[in-house]
Amino acid sequence: MQRVIFNQKGGVGKSSITANLAAISAVRGRDTLVVDLDPQGNSTQYLLGDTWETATSDVAEFFGDSLSIRILPRDPLRYVTPTPHEGLHVLASSPELAELQAKLESRHKIYKLRELLLKLAEQFDAIYVDTPPAFNFYTLSALIAADTCLIPFDCDDFSRRALYTLLENVEETRADHNPDLQVEGIVINQFLSRANLPQRLVEELRAEGLPVLETKLSSSIKMRESHEQCMPLVHLAPRHKLTEEFIALYDELEG
């Protein structure tokens, strides 16, 4: 299973959702990989902490290799770094991704990530892909490679307007490149249950027939503490309300 977490609007919790769902997957006994395609590297920093700088390889090296050699190395695990958490690995991000993008586009390397993930799927039970806050080469590469797309959503009007464009981009990708791609659902993040606006927006999205998931993720300072300590919630605070919501979200997605 290859799941992309995508929203072209920044600050909606893509990296937090990616890393925490992946951590739960690993705790459940599944060999799990996080692929971080965002040059900011938030998922990488979250999962590796200070050991990020000691990663022997990263996703930028993979894309660089795809430019310089026709046939990629037989062992794709050379690009993967283990995290401190059992069963959880990361294909680390790099600031060099921004510099490589124009070269990759001009050389039409849009299917290279799919080739890599197909090989890595032989080694991992679940792959979670964190994308940049833009519909660019890396996001399109991820959607082409994915089985499903999970969309984080903050309850405000700007996010709602961006959502329609996002869904159009996903539909176009499905039509042109990946007919098997499915929108797995829209996950409401930083939900304020006592506020009227979030409740109304969720009801309106559902009335439009959009695939809003039942599980909502609350706003909590515990998430910031989790980021600061570079430890997913399932390890930092396994009984916290937000951790339980992430577990419920994982279970909902897994069916």
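For the chain, lysine pairs separated by 8 or more sequence positions, or belonging to different chains, with Cα-Cα distances below 27 Å total 18. Of the residues I24, I110, I69, the one with the fewest other Cβ atoms within 10 Å heads the list, and the complete ranking is I69, I110, I24. Against the longest alpha carbon principal axis of the chain, how many degrees, from 0 to 90 and to the nearest 10, is the axis of helix 196-207 turned? Computed tilt is about 70 degrees. Estimated at 0.36 nm per residue, the fully extended path between R161 and H177 surpasses their Cα-Cα distance by 3.3 nm. For D58, no residue whose modelled amide H falls within less than 5 Å of its own remains once neighbours fewer than 5 places apart on the same chain are excluded.
Distance from the C-alpha centroid of the range 60-99 to that of the range 101-150: 12 Å, rounded to the whole angstrom. Stokes-Einstein diffusion of the range 2-254 at 25 °C, 0.890 mPa s viscosity, Kirkwood radius from Cα pairs, rounded to a whole number: 134 µm²/s.
Each Cα pair under 8 Å and six or more residues apart adds its sequence gap; the mean of these over the residue count of the chain is a relative contact order of 26 percent.
Based on the alpha-carbon gyration tensor of the range 15-152 and its eigenvalue square roots a ≥ b ≥ c, which shape applies: rounded if a/c is under 1.5, prolate if not and a/b is larger than b/c, or oblate? Cα axes put the range 15-152 in the rounded bin.
Just so you know, all these numbers are worked out from the coordinates, no wet-lab data involved. Keep in mind that this is a model prediction, so the values were computed, not measured. Cβ: placed from backbone, ideal geometry, glycine included. Neighbour counts: every protein chain shown.
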